[in-house]
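Take a look at the structure set out below.
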Amino acid sequence: MPINFQYFKTIIPGVVLALIFCLFSQGINNLLAIEIFGTPKSPISTVLIAILLGILMGNAFKPRPGMMVGLDFTQQYILKLGIIFLGIRLSFEELIKFGSIAIPLIIICIVGVLILVKLLIKKVPISSKMSYLIAIGTSVCGATAIVATAPVINAKKSEVAYAIANITLFGVIAMIVYPYFAEWYFDNDSLKIGLFLGTSIHETSQVAASGLIYDQQFNSPETLNVATVTKLIRNTFLVILIPLFAFLYNRGELKGQKYSIMSIFPYFVIGFIGMILIRNIGDQVFTTDNNSYIIWTTLIGYLKTLATVFLTMAMAAVGISINLSELKSMGYKPFVVGLIAAITVGFISLIYIETLIKFIY
């Protein structure tokens, strides 16, 4: 099959535009961290900055049709590549260390939020796609889960943007408030605080920021470690939930037809699992030689950076493609659902940690 160079020429402008927004967002992120917050990392996610800039510029200056081809490519393919590269962040050692404690808590939180959202949409009517996006964003890993789920349920761009705005709003509030609340409630118990932060806050960047805030304020690096590992384990549930959501949604859409889960299975999830395997095999193979290990860890660092860049590019592309007038028609109801879901996941986490953790740990 010959390579279509004309197609590559068509997508380049939009992809480059998304990359420019990504780099600019990272620059703003660094400026906020160094000049305003005085911390190594800004508590405002680069992904959030990218989508806000994208929405601002996309509505102030309507993108040309030719630019949209590359932006759509970024949302569909570069996004999936970024999700695949996220797998390089995980190691079996991290999963095993706190897994016996964190996994049951994560499952309970996810199931609780999914049931709650399903019940809520009967009282607060929103689209089924929106409810799926809010549920997985709240229970798993925020914007990453939303943008990963959107393609398999054919969610609209406006629904994706609204769900991300929803998750971001309540995630940022939790990121700022929860470290201080957890210190008061758990009385300096680093394990419990780390578990709470890792399960009750939506995005990975927000969890890391909240753990860092706690570490800086209360001198507890273990809390940051537990929160980060818990969040990474939580992220891996995408492997289960994305195919599950695809099955549940498409089953209703294909009534009377022969259904095959393979027709809607997100194959990039296989790549995500493959990256986890590569990371762990490489960690074992390259530990015997110091030079090889340095090269290997450098490669891991590059892949982590690429994952961040690709996901940020995708979110910038989503933002540029959004028409704010479409969001007005959705009203306040999705935010009501998101607020209740955010409070619920924190409440479930507290109950588990206080009552059930003693039987596991």
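The values are calculated or read from the model by the stated rules, or taken from the named source; none is laboratory data. Predicted model, so just to flag it, every value in this text is computed and none were measured. Don't worry about glycine lacking a Cβ; one is built from the backbone with ideal geometry, like all the others, and counts go over all protein chains shown. Side chains are part of the model used for accessible areas, which takes the heavy atoms of the whole protein and leaves out ligands, DNA and RNA. Shrake-Rupley method; radii C 1.70, N 1.55, O 1.52, S 1.80 Å.
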One finds, for Val111 and Asn219 with R0 = 30 angstrom and r their Cβ-Cβ distance, a FRET efficiency to the nearest 0.05 of 0.30
I need the per residue convex hull volume for the stretch 98-228, using only the alpha carbons, in cubic angstrom as a whole number. 102 Å³
Net charge near Ala145, counting Lys/Arg +1 and Asp/Glu -1 over other residues with Cβ under 13 Å of its Cβ? +1
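Rounded to the nearest percent, how much of the accessible area of the stretch 163-235 (1.4 Å probe, protein heavy atoms only) is carbon and sulfur?
Values: 1470 of 2500 Å².
Here carbon and sulfur together make up 59 percent of the probe-accessible area.
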Need one number: nm distance between label points at Ile20 and Lys123, each 7 Å from Cα along Cα→Cβ, rounded to one decimal. 4.8 nm
Just list whichever of Lys122/Lys333; Lys80/Lys333; Lys118/Lys333; Lys192/Lys231; Lys129/Lys157; Lys62/Lys129 have alpha carbons separated by over 21 Å in the model shown. Lys80/Lys333; Lys62/Lys129
Distance (nanometres) between label positions extended 7 Å along Cα→Cβ at Phe247 and Leu306: 3.1 nm
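How big is the equivalent ellipsoid of the stretch 151-244 along its three axes, where each semi-axis is √(5λ) from the Cα gyration tensor, reported in whole Å from largest to smallest? Show your work: numbers first, answer last.
Values: eigenvalues 155, 45, 16 Å².
Ellipsoid semi-axes (Å, largest first): 28, 15, 9.
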Asn59 to Thr288: FRET efficiency via 1/(1 + (r/R0)^6), r the Cβ-Cβ distance, R0 41 Å, to the nearest 0.05? 0.15
Nearest-0.05 FRET efficiency for Gln6 and Leu277 at R0 = 35 Å, using Cβ-Cβ distance, is 0.40
